[in-house]
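Take a look at the structure below.
The values are calculated or read from the model by the stated rules, or taken from the named source; none is laboratory data. It should be emphasised that the depicted structure is a prediction, and the values quoted were computed from it without experimental measurement. Ideal geometry is used to build each Cβ from the backbone, glycine not excepted, and the neighbour counts take in all protein chains shown.
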Amino acid sequence: MKPADRDELLIRMDERIKTIFNAQEDFDVMFTNHLRHHEMWEADIKLHMRWWMGVIFTMCAATIGATRYIL
């Protein structure tokens, strides 16, 4: 292999490696943002689930109390 061809091949390989590593860094940021989105979503569900469970429990307690009061 001629030295000029070898140098050109090394430059091409270096550019490909840089492109792969840059894409990997972008993927890491995207994946971190995606995980953060899921964590926020789960926290929101937990908060609302507690609220709805409180509402349901209150309704059940009111129904039981009204039933005992009437009967």
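Taking the conditions exactly as written (loosely packed, with under 10 Cβ neighbours inside 10 Å and free of Cβ contacts under 8 Å to residues at least 24 places away in the same chain), does K18 satisfy them or not? Give the derivation first.
Values: loosely packed, with under 10 Cβ neighbours inside 10 Å: no; free of Cβ contacts under 8 Å to residues at least 24 places away in the same chain: yes.
So K18 fails the test.
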Of the residues in the stretch 1-15, how many are surrounded by 10 or more Cβ atoms within 10 Å (Cβ to Cβ) and aliphatic (A, V, I, L, M)?
4
Out of R36, R16, R50, sole residue that is at pLDDT below 85 and basic (K, R)
R16
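Can you tell which of T63, T67, T58 is modelled with pLDDT of 85 or more, in a helix (DSSP H, G or I), exposed (fewer than 10 other Cβ atoms within 10 Å of the Cβ) and polar (S, T, N, Q)? Before you say what the answer is, go through the steps one by one.
On the way: T63 fails: exposed (fewer than 10 other Cβ atoms within 10 Å of the Cβ); T58 fails: exposed (fewer than 10 other Cβ atoms within 10 Å of the Cβ).
Every option except T67 fails the conditions.
For residues that are β-branched (V, I, T) and within 10 Å of the chain's Cα centre (by Cα), tally how many sit in the stretch 1-42.
First, the residues of the stretch 1-42 that are β-branched (V, I, T): 11, 17, 19-20, 29, 32.
If we keep only those that are within 10 Å of the chain's Cα centre (by Cα) as well, we get 32.
Selection size over the stretch 1-42: 1.
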